[in-house]
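The values are calculated or read from the model by the stated rules, or taken from the named source; none is laboratory data. Everything quoted here is computed from the prediction, not taken from an experiment. Neighbour counts run over all protein chains shown; Cβ positions are idealised from the backbone, glycine included. SASA here: full protein model, heavy atoms, side chains in, ligands and nucleic acids out. Shrake-Rupley method; radii C 1.70, N 1.55, O 1.52, S 1.80 Å.
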Amino acid sequence: MAEPAEYPPFQLGKPRFEQTSFYGRFRHFLDIIDPRTLFVTESRLKEAVQLLEDYKHGTLPPGVTNKELWGAQKIKQAIIHPDTNETIFMPFRMSGYIPFGTPIVVGLLLPNQTLASTVFWQWLNQSHNACVNYANRNATKPSPTSKFIQGYLGAVISAVSIAVGLNVLVQRANKFTPATRLLIQRFVPFPAVASANICNVVLMRHTELEEGIDVLDNNGNIVGSSRIAAKHALLETALTRVVLPMPILVLPPIIMSILEKTSLLRSRPRMILPVQSLVCLAAFGLALPLAISLFPQMSEIETSRLEPEIAMATTSKTVVYNKGFDHAQELPSTVRRATLG
């Protein structure tokens, strides 16, 4: 009996979906963030790991299908860190990012925030992001802990200062009616989070702008280290980090401002928070895979646009570079292990 076409021949460490198209990358990242893997038992995890070991050593039992192999790899990649082989703490897995991150998004978007609540939710959001970043870091080339701390502090300070500053400005704007002021305040988290995301990526990866990143020719050979390619990589990552929080922090306020005017929520104000939570969950679930699917992991650039010494070092008209990692704020090893193998 033929297997479904959606399960191609299994390749250990390779993505199941084609990565050259946006749709393929979108389906790939939907697989990565699948929250169902949070409920995988210890025995099922051991079975998946053993199945992949059998495949690796050519000792697969008869009758094992491609579907089973892809499923086993999905489970292992969702739970086990590829470099340390340790189990990733559930709230910091990519599959847990939306379930555990949604309550924070709801908190960020709560109306009538006080100074203390604004600071708390912005701090909690950046702390959660930092923990996910660290839990999924590339451990083959250890970065100093000071680098993560620097990025974390920069993100927290920028997020809190922008959110507090904008809230103060809105409160002092006498021209706005109370209803308009409340509506504007609901959009304050977006510029705060987007700015913090950019600050984080610049602080974490600023050395790449000075040292450059490797560019590879058509045969996968390293041609040289390019600062121009590094600039493009950081711009793509920064753009992703601006796009990601947009639907998460912009759509729910718009939708809720409409729903709160309906007779259903006017007569049942206790339903506002549950409804807002569902709206945030839906926006988060759609925005995350869409944003991180924008650019291929390996981006292409014309050789003529790079440094002269690199253009002279190869006959290839184009070279490729690894743009780095995204997620809500970074997707290190998870993307590396599932995209690059």
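Dividing the convex hull volume of the alpha carbon atoms of the range 58-103 by its residue count gives 91 Å³ per residue.
For the range 117-272, carbon and sulfur atoms together expose 66% of the accessible surface, with a 1.4 angstrom probe and every protein chain in place. Taking every protein chain into account, the 1.4 Å probe leaves Lys261 with about 140 Å² of accessible area, to the nearest ten. Length gained on full extension, His57 to Gln171: 34.5 nm, using 0.36 nm per residue less the C-alpha separation.
Rolling a 1.4 Å probe across the protein heavy atoms gives the chain an accessible surface of 51 Å² per residue.
Based on the convex hull around the alpha carbon atoms, the chain presents an average projected area of 21.7 nm².
Which FRET efficiency value, to the nearest 0.05, do you get for Met312 and Phe17 by plugging their Cβ-Cβ distance into 1/(1 + (r/R0)^6) with R0 = 22 Å? According to the calculation, E is roughly 0.05.
Modelled spin-label separation between Thr114 and Thr145, with each label point placed 7 Å from Cα along the Cα-to-Cβ direction: 3.4 nm. Evaluated over the range 94-337, the count of Lys pairs having alpha-carbon atoms less than 30 Å apart is 7 (only pairs 8 or more residues apart or interchain). Express the carbon and sulfur contribution to the solvent-accessible surface of the range 22-80 as a percent, rounded to the nearest whole number, probe 1.4 angstrom. Taking all protein chains in place, the range 22-80 shows 58 percent carbon and sulfur surface. Value of Rg to Rh for the range 22-80, rounded to two decimals, is 1.01; Kirkwood radius and Rg both from alpha-carbon coordinates.
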